[in-house]
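Have a look at the structure below before the remarks.
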Amino acid sequence: MTRFLLPFLALFCSSSLYGFQAQTTVSIIPEPVSVVKGEGQFELSSQTSITLSEDSEELNFLGEYIADMVYSATWYDHEVSVSNTEPNSGIYLQLTSNTDFGNEEGYKLEVDTSLVTISASTTAGLFYGIQTLRQLFPAAIEHEKPSLAPNDQEWKIPAVEITDYPRFEYRGMHLDVARHFFPVEFVKKYIDLLAMHKMNRFHWHLTEDQGWRIEIKKYPRLTEISAWRDSTLIGNYGSGNYDNVRHGGFYTQEEIKEVVAYAAERQVTVIPEIEMPGHSSAVLAAYPEFGCFDKEYIVQSTWGVFEDIFCPKEETFDFLEDVLTEVMELFPSTYIHIGGDEAPKKQWEESEIAQEVIEREGLKDEHELQSYFIRRIETFLNENGRQIIGWDEILEGGLAPQATVMSWRGEDGGIEAAKMGHDVIMTPNGSNYFDHYQADPENEPIAIGGFTTLKDVYHYEPVPEELTEEEAKYILGSQGNVWTEYMHSGDKVEYMAYPRVSALAEVVWSPAENRDWLNFWARLQTHFQRLDILGVNYADHYKSDKP
């Protein structure tokens, strides 16, 4: 490889913002750990070969992934070959037993004038190296069809040596498909964008008071009744206005398998969320026998927190175990999210059945009854080789032994759980809720409230100062949440999520000491070009020549 000479500051492209010259500088989000500039450039051509170090299904997918990417530049279908020796030219993916990559998701990317080598100890590392290579090329590489790229586009990238690995093991984004349903193709696009940003967890919020979105074959009324509501609130909460339009939908088990496989190829683990014991109105509308009272339940058409709650009787646990059995067959994720948030206790307080359970189990109150409920579910999932994640309310009444806490009501729940020796994912609503307004509400589309700017996200630090070095090890990472009460379309989801996802991606991947707002803003200008070509309806408040 070319001898590398100078440490290289990652800045935006030195050509004009939308010019078609070669990309001679580095503009990568999230910013790599180390970038060192070499001499000269590598030029992509129709003769560029793609070589894999070994023949495997995962590596073959990565080879074809690169071939699809460079097709937009060369108009050629590049053959993918296998060789255990490094070629003299082209693009080479090397899976190696060498573990000197920072961690198991790390990689090294070396570019000289004739050869691009991406090496890693795992296919995840190779995939992330490919995402970095993708961003070394001009943004026009994002065109799906080569006829859309400018005729005078130069397909050159600078000679560099990049060493890179993530700071956190959990780098997540959430999508609520229960308040509003989104089709499979949009979910795949959402996953593609996460993968481009080296995010590795997709938290799929599948059930709510307003809709149930997953086919459970043993309980068909969940998709016949629970998946549909008669109308939806218009305007902000409390307006009293409704559209009187039936809304709903669900994913078949085959569609879910398709999404999970699609995500896995892109190194994204899909974590399903099945809400319990609260947020259960939609379920009880179809199966009222799992509630505590003989009453009419409905799939809710407005937002907020409702008193409906699963009754802690054996029939309910049988039902939930049946549901979770089918969920586990669809999702290989170790984690299953069971919600646990916003569960009013009024119906339990008034229920003879709930009070009998409290007395039988020697519980103090309804908060301990919720802990008992969560522990029952955790035991079942643990017996099947899975772990639970819950929102930080699962701390109330006593935390289940192996539970991971998702801290959303600020950081206090996460701090408490980490001090208890439990794993934590930080997702505080002040900085990580992307349903909040991101600019002056007077000039923005309707949102649920709040105010979280791109800068707020970028400056978020997932490890609280209150934790010791040992306690900080329990912070697995961070996640951004997209709740969709006021997001009726994929375009609105993208507007609310991007570029805030780009900022969070850098928070969870790049070294904290390297974080630099002005540097990020500069790289974001090039990143916007990619999002434009990919058809992402991002918010453009920071698309300008001044930060």
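Observations, loosely collected:
- Here's how it looks for Tyr498: its modeled amide H is under 5 Å from those of Ala539, which are all 5 or more places away or on a different chain.
- Whole-number percent relative contact order across segment 165-279, with pairs defined as alpha carbons under 8 Å at least 6 apart: 31 percent
- Under 21 Å from Lys217, Cα to Cα: lysines that are on another chain or at least 8 residues apart: Lys257
- Rolling a 1.4 Å probe over the protein heavy atoms gives the chain an accessible area of 39 Å² per residue.
- In range of the label at Glu57: residues from segment 163-189 whose backbone nitrogen is under 11 Å from the point 7 Å along Cα→Cβ: none
- The accessible surface of the chain, taken with every protein chain in place and a 1.4 Å probe, is 46 percent carbon and sulfur.
- Estimated 222 nm signal from helices in the chain, with DSSP H stretches of n ≥ 4 weighted -39500 (n - 2.57), rounded to 500: -9500 deg cm²/dmol
- Rounded to 5, percent antiparallel among DSSP beta bridges of the chain: 35 percent
- Segment Gln47-Asn84, extension gain: residue separation times 0.36 nm, minus the distance between their alpha carbons: 11.3 nm
- With a threshold of 18 Å on the Cα-Cα distance, the over-threshold entries among Lys108/Lys188; Lys108/Lys198; Lys37/Lys156; Lys313/Lys345; Lys455/Lys546; Lys37/Lys543 are Lys108/Lys188; Lys37/Lys543.
- Close amide H partners of Gly410, meaning residues 5 or more places away or on another chain with modelled amide H under 5 Å apart, are Asn429, Gly430.
- Once the Cα gyration tensor of segment 59-183 is diagonalised, semi-axes √(5λ) in Å: 25, 23, 14
- For the chain, with +1 on Lys and Arg beta carbons and -1 on Asp and Glu, the positive-most of Ser89, Gln370, Tyr219 along the dipole: Ser89
- What the phi angles of segment 253-267 give under the Karplus curve with 6.51, -1.76 and 1.60, with θ = phi - 60°, is a coupling list of 5, 5, 5, 5, 4, 4, 5, 4, 5, 4, 5, 4, 4, 9, 6 Hz, glycine and proline written as x.
- If you sort the three axes of the alpha carbon gyration tensor as a ≥ b ≥ c, you get a/c of 1.5 or more for segment 321-437 and a/b no higher than b/c, which makes it oblate.
- Here the gap between Trp517 and Asn236, fully extended at 0.36 nm per residue and compared with their Cα-Cα distance, gives a gain of 97.8 nm.
- Taking each residue as 0.36 nm, the span from Glu185 to His488 lengthens on full extension beyond its C-alpha to C-alpha distance by 107.5 nm.
- Within segment 287-322, GluC sites (Glu not before Pro) in DSSP loop having at most 12 other beta-carbon neighbours inside 10 Å: Glu296
- For Ile271, the residues 5 or more places off, or on other chains, whose built amide H falls under 5 Å of its own are Phe202, His203, Trp204.
- Each label point was placed 7 Å from the Cα along the Cα-to-Cβ direction; for Ile446 and Asn384 their separation is 3.8 nm.
- From phi via Karplus (6.51, -1.76, 1.60), per-residue ³J(HN,Hα) for segment 201-212 in Hz, x at Gly/Pro: 9, 10, 8, 9, 7, 9, 9, 7, 4, 9, x, 10
The values are calculated or read from the model by the stated rules, or taken from the named source; none is laboratory data. In this text, all values refer to a predicted model and were calculated from it rather than measured experimentally. When we count neighbours, we look across all protein chains shown, and the Cβ atoms used for this are built from the backbone with ideal geometry, even at glycine. We work out accessible area using only protein heavy atoms, side chains counted, and drop any ligands, DNA or RNA first. Shrake-Rupley method; radii C 1.70, N 1.55, O 1.52, S 1.80 Å.
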